[in-house]
Amino acid sequence: MEPEIHFELDVHIAAPLVVLCLLAASYLSAAETAITGVSRPRMHRMAQQGNRRAALVNGLLDRKDAVVSATLIGNSVLNIFSASLSTAVLTDLFGNAGVVYATLVITVLVVLFVEVLPKTWALLQADRMALGLAPSLNIVLMILGPLSSAAARAARFFLGLFGVRGHSADDAQAQDDMLRGAIELHGEGQSGDAAPAEKAMLRSVLDLGDQTVGDVMTHRGNVALIDADQPTDSIVTQVLAAPYTRIPVYRREPDNIVGVVHAKDLFRAVKAAGGPEGVRIDDVLTPPWFIPESTVLFDQLEAFRARHEHFAIVVDEYGALRGIVTLEDIIEEIVGDIEDEHDAIKRGVVRREDGSMICQGDVAIRDLNREFGWNLPQAGPITIAGLVLHEARRIPEVGQTYAFYGFRFEILKREGTRIAELRIVPPAAI
């Protein structure tokens, strides 16, 4: 019969070992929380400014899964070892009751000093703690990295048995949603108008990739055009009367745009010739720049920068004139309307005391949504008159009223088949 082996551990040795295990586990808990809660944009900026520790944090963030796995494995091993060590010592001291005492003591110590306290501290000081722990975390990753990789492969194997497949690349839509969520959180709790205005501008920047020039262009019905076959003095009069410095010029029919006249070029030529009679309009025209209405706003903004221009003619798939788009149109899509002393009154909306709006039919839906916080659909028609026609599915008569999307629309004026003016009653005023 083999002799029974009895292992006794001196409490003076075990107690310091338990404390060291709990301290190391606390460190790993804080490191795990810090590395998952750190602000990556801030670390990226600090790294660009030469902060070496921020560069280390960025390197850890690139391997976040491995870092988290390593800290979890180390934390689990230390907690289990400290619990086993405490149980062995207290069992020797108190017999079977020592198991209960060890469970209570270790539970309190782990929950309070290993989980709650370090993780709360790390959440409150995530960036600072991540910068402080980054060098030591690299050492932990070197030691426990192979073990965490093996554990990750085993986890993926067992997940595969249940039909769960991971994605190696981040979902672009998820990244976009994360960025939009960060924008919505920006300025929470601040007073004043700065934060809402900043959030609106940031949202608009993200939307540049989803909108086309057809959404922001000035429609051909509102574009000032000049017939190249008119006398030069008549052209000069029209340019002087127009609130624009660049005007498209056509010949024979409006769809046949032959160039763009710049007011300064025209007036400079008139002065040099001693009068409009000595000026040929073709000599002062600049070549037109045609773009399709399906061009994405972000791409068009880049094109404006590349060509050093800020005026383009928008055409449809058949080459017919659809309107014009300028750099100012795209900038206004980001920052809101920019009006100067030469702008015509183009908003076309009058608020009434009863809460309703008298609105011109050519006002853009996006402008109404932005101005009044409405949620009218923007996927189809561009103007409010177009939306009414789309929903009514007929040419409405003056005096007719329609209700959709919670709004009420009353036709006040028609010009031919076009809705020129209507009264809008928002849900709050119904």
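The values are calculated or read from the model by the stated rules, or taken from the named source; none is laboratory data. This one's a predicted model, so the numbers in the text were calculated from it and none came from an experiment. With ideal geometry, Cβ positions are generated from the backbone for all residues, glycine too; neighbour counts draw on all protein chains shown.
At a glance:
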{"quantity": "All strands (runs of 3 or more DSSP E) inside segment 227-302 with 1 or more residues being within 23 Å of residue 318 (Cβ to Cβ), in contact with a Ser or Thr (Cβ under 9 Å, 6 or more places away or on another chain) and at pLDDT 90 or above", "calculated": "253-262, 290-292"}
{"quantity": "Inter-residue pairs, beta-carbon under 6 Å, first in the same structural domain as residue 85 (by TED's automatic domain parsing) and acidic (Asp, Glu) and in segment 21-41, second surrounded by fewer than 19 Cβ atoms within 10 Å (Cβ to Cβ) and modelled with pLDDT under 90, 6+ apart", "calculated": "32/68"}
{"quantity": "Which numbered condition residue 367 misses (of (1) crowded, with 18+ Cβ neighbours inside 10 Å; (2) acidic (Asp, Glu); (3) more than 25 Å from residue 208 (Cα to Cα))", "calculated": "(3)"}
{"quantity": "Hits in segment 106-143 (condition: β-branched (Val, Ile, Thr) and within 30 Å of the chain's Cα centre (by Cα))", "calculated": "120"}
{"quantity": "Qualifying position, being assigned to a helix (DSSP H, G or I), modelled with pLDDT of 85 or more and not assigned by TED's automatic domain parsing to the domain that holds residue 248, among 422, 368, 387, 376", "calculated": "387"}
{"quantity": "Per-region count, segment 111-148, residues over 22 Å from residue 63 (Cβ atoms) and of a type in the set (Val, Ile, Thr)", "calculated": "4"}
{"quantity": "Hits in segment 34-48 - residues which are surrounded by fewer than 23 Cβ atoms within 10 Å (Cβ to Cβ) and in a helix (DSSP H, G or I)", "calculated": "36, 37, 40, 41, 42, 44, 45, 46, 47, 48"}
{"quantity": "Residue count, segment 266-290 (criterion: among the β-branched types (Val, Ile, Thr), under 28 Å from residue 217 (Cα atoms) and touching a residue at least 40 places away in the same chain (Cβ under 8 Å))", "calculated": "1"}
{"quantity": "Any pair with Cβ under 7 angstrom, 6 or more apart, that starts in segment 291-305 at a residue that is over 17 Å from residue 321 (Cα atoms) and in the same structural domain as residue 315 (by TED's automatic domain parsing) and ends at one that is charged (D, E, K, R) and outside any loop (DSSP other than H, G, I, E, B)", "calculated": "297/333"}
{"quantity": "Selection within segment 375-405 - over 23 Å from residue 215 (Cβ atoms) and not charged (D, E, K, R)", "calculated": "395, 396, 398, 399, 400, 401, 402, 403"}
{"quantity": "From 272, 303, 228, residue being in contact with a helix residue (DSSP H, G or I) (Cβ under 9 Å, 6 or more places away or on another chain) and either surrounded by 13 or more Cβ atoms within 10 Å (Cβ to Cβ) or of a type in the set (S, T, N, Q) (or both)", "calculated": "228"}
{"quantity": "Near pairs, Cβ below 7 angstrom, 6+ apart or cross-chain, from segment 90-107 (touching a residue at least 24 places away in the same chain (Cβ under 8 Å)) to any residue that is hydroxyl-bearing (Ser, Thr, Tyr)", "calculated": "106/82; 106/86"}
